[in-house]
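Notes follow the structure.
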Amino acid sequence: MDTKTGKSLRKGSSSWNALKSAYHAYSGLLWIAPRTPSLRLAIAFVIALAVVGILLRLSGIEIALLVLSGTLLLAIETLNTAIEMLCDFVQPKLDPRIGKVKDVSAGATAVTEIGAAVMVAVLLWPHIWGALHR
């Protein structure tokens, strides 16, 4: 973006196109999903959370929070994969500094997984406990 004119510096780019942006976003997601086992697991996790929430008759807000935590996990996992791909492109040979970047990126995924697990436990435990003691 040219800061003086506000125009895009990309060749052939005249304005933002929402449909084109959405196409590229979903194209990237559809490309990465079959190549990343942890992302497929996270997608299954989000679907399972929604189903469990419905089966346990959680409130709409509780189901939304479960799906939100899973969706956040999907986003962080996708960013982690993008960072790893970029690292491999920039430095294809083994480099301890690149390895550390990848470790830190994976750490962000781990933090999100822990947070999601806590949220799931806090939201589901009372309902599971109640269902077991009926």
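The values are calculated or read from the model by the stated rules, or taken from the named source; none is laboratory data. Remember, it's a predicted structure, so these values are computed and weren't measured experimentally. Cβ placement follows ideal geometry from the backbone for every residue including glycine, while neighbour counts extend to all protein chains displayed. Heads up: the accessible areas ignore ligands, DNA and RNA and are worked out on the full protein's heavy atoms, side chains in. Shrake-Rupley method; radii C 1.70, N 1.55, O 1.52, S 1.80 Å.
Listed here are the residues, each with its yes/no results for (1) under 18 Å from residue 112 (Cβ atoms); (2) open to solvent by 70 Å² or more (accessible area, probe 1.4 Å).
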position: 40; (1), (2): yes, yes
position: 66; (1), (2): yes, no
position: 70; (1), (2): yes, no
position: 74; (1), (2): yes, no
position: 82; (1), (2): yes, no
position: 89; (1), (2): no, yes
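Would you check if there is a residue in region 80-98 being assigned to a helix (DSSP H, G or I), over 14 Å from residue 36 (Cα atoms) and either touching a Cys at 6+ places or on another chain (Cβ under 6 Å) or at pLDDT below 95 (or both)? Yes, because at least one residue in region 80-98 is assigned to a helix (DSSP H, G or I), over 14 Å from residue 36 (Cα atoms) and either touching a Cys at 6+ places or on another chain (Cβ under 6 Å) or at pLDDT below 95 (or both). Restricting 65, 49, 58 to those that are within 20 Å of residue 128 (Cα to Cα) and part of a loop (DSSP other than H, G, I, E, B) reduces the list to 58. Scanning region 71-114 for residues that are closer than 30 Å to residue 50 by Cβ and touching a helix residue (DSSP H, G or I) at 6+ places or on another chain (Cβ under 7 Å) yields a total of 17.
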